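Here is the structure we will look at.
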Amino acid sequence: MDQSKFEQKARELHVAIFPEEYDYQYDSIADWSDRSRGISPMSSDYIERVNARRQEFGFGPVDPVGITHDIDTYAWVEKMVRETRFEELDKYITRTAADSAGV
C-alpha cells in the first residue's frame, strides 16, 4: 500500500473508531458557544459510553466539554493498519457504532 493510500485508510479508520475526536468540527454556533463556556453539547449518557469505550480500548476519556487530549489514538490506528490487523479494526468499528447508535 503506497503512503497516500495508507494515510487515507488510517484516517478513515480513525474517524470510524474515534468519531468523538471529530465531533467539535460539526458544532453549530450554539454548540461552539457552549463549549467555549465549558458546557458540553453532548449528552452525559453519550460521554459515559464514549469514555467507557475509550477506556476499554486503552485510551483516556474526553474532557467534560467533550474534547479529547489523547493524541495516541491516531498512532494506534496507524500501527494496526501497518500490521494489517483489519479484522480487529472492524470489531472496534462495530463497537463504536453500537455506542453511537443511541446518540
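Each reported figure results from applying straightforward, stated rules to the coordinates on display, with no laboratory input. None of the values given here were measured: they were computed from a predicted structure. In this analysis, Cβ positions are derived from the backbone assuming ideal geometry, glycine residues included, and neighbour counts consider all displayed protein chains.
Computed values, structure above
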quantity	calculated
Qualifying residue in segment 44-53 (condition: in contact with a strand residue (DSSP E or B) (Cβ under 8 Å, 6 or more places away or on another chain) and touching a residue at least 40 places away in the same chain (Cβ under 8 Å))	yes
Some residue of segment 66-81 being without any contact (Cβ under 8 Å) to a residue 24 or more places away in the chain, loosely packed, with under 12 Cβ neighbours inside 10 Å and at positive phi	no
Unmet criterion (only one of (1) surrounded by 15 or more Cβ atoms within 10 Å (Cβ to Cβ); (2) of a type in the set (Asp, Glu); (3) without any contact (Cβ under 8 Å) to a residue 24 or more places away in the chain) for GLU88	(1)
In segment 26-55, residue surrounded by the fewest Cβ atoms within 10 Å (Cβ to Cβ) [restricted to those that are closer than 18 Å to HIS69 by Cα and of a type in the set (Val, Ile, Thr)]	ILE39
Residue match in segment 12-25 (condition: among the hydroxyl-bearing types (Ser, Thr, Tyr), more than 25 Å from THR84 (Cβ to Cβ) and either surrounded by fewer than 14 Cβ atoms within 10 Å (Cβ to Cβ) or under 16 Å from the mean Cα position of the chain (by Cα) (or both))	yes
